[in-house]
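The values are calculated or read from the model by the stated rules, or taken from the named source; none is laboratory data. Values in this document were obtained by computation on a predicted structure and should not be read as measured data. With ideal geometry, Cβ positions are generated from the backbone for all residues, glycine too; neighbour counts draw on all protein chains shown.
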């Protein structure tokens, strides 16, 4: 593992550990470096703030999704099934750090700035989920679909964070399925208002008809 990757891992672990202990708020990169027993100067070359470290944690989570998905089964699944699998895989990746994620979510609710940064971070991750599911579409479609999925993720993860264990995963899966079904319905309704052209509209089971 390159030295920068190792340093990033250590700082992410320090940030998550601080959050789990209720000591995240206001921590600087230098303080995170002290918790991680790494060189503060090297840490500040990589990250300018704690939020940058959380961005790295989000990227690690997104990379986990890509590595964990079964490519053969994933390719044969419907668009909705691919999204469900990718989003549930993301929850699975976050499960070991649920206490830290809960603390970050609580801070986002209290602080508008933290809330805006979390929304941006989730929006970026939902774009990566769409890429993993091969459902991104055009640049505009990717942005709109990522925004819709961001709201789905926020609603679902709030429910997920209420669970201390994974006993409620069936209910979370059902909630995600229902939310994605609503997005499919909305997408079909929006197509009805789209200008007609000589080309045919995308079938319901194609990415162009999905959010």
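For segment 46-83, a residue qualifies if it is surrounded by fewer than 19 Cβ atoms within 10 Å (Cβ to Cβ) and closer than 14 Å to residue 10 by Cβ, and the qualifying residues are 46, 56, 60. The single residue among 43, 56, 30 that is part of a helix (DSSP H, G or I), within 22 Å of residue 117 (Cα to Cα), free of Cβ contacts under 8 Å to residues at least 60 places away in the same chain and in the same structural domain as residue 135 (by TED's automatic domain parsing) turns out to be 56.
When 86, 132, 136, 95 are checked against the criterion of being exposed (fewer than 15 other Cβ atoms within 10 Å of the Cβ) and more than 19 Å from residue 23 (Cα to Cα), 95 stands alone in meeting it. The residues on offer are 108, 116, and the sole one that is more than 10 Å from the chain's Cα centre (by Cα), over 18 Å from residue 175 (Cβ atoms), without any contact (Cβ under 8 Å) to a residue 24 or more places away in the chain and buried (at least 19 other Cβ atoms within 10 Å of the Cβ) is 108. Only one of the numbered conditions (1) at pLDDT below 90; (2) buried (at least 16 other Cβ atoms within 10 Å of the Cβ) is violated by residue 17, and that is (1).
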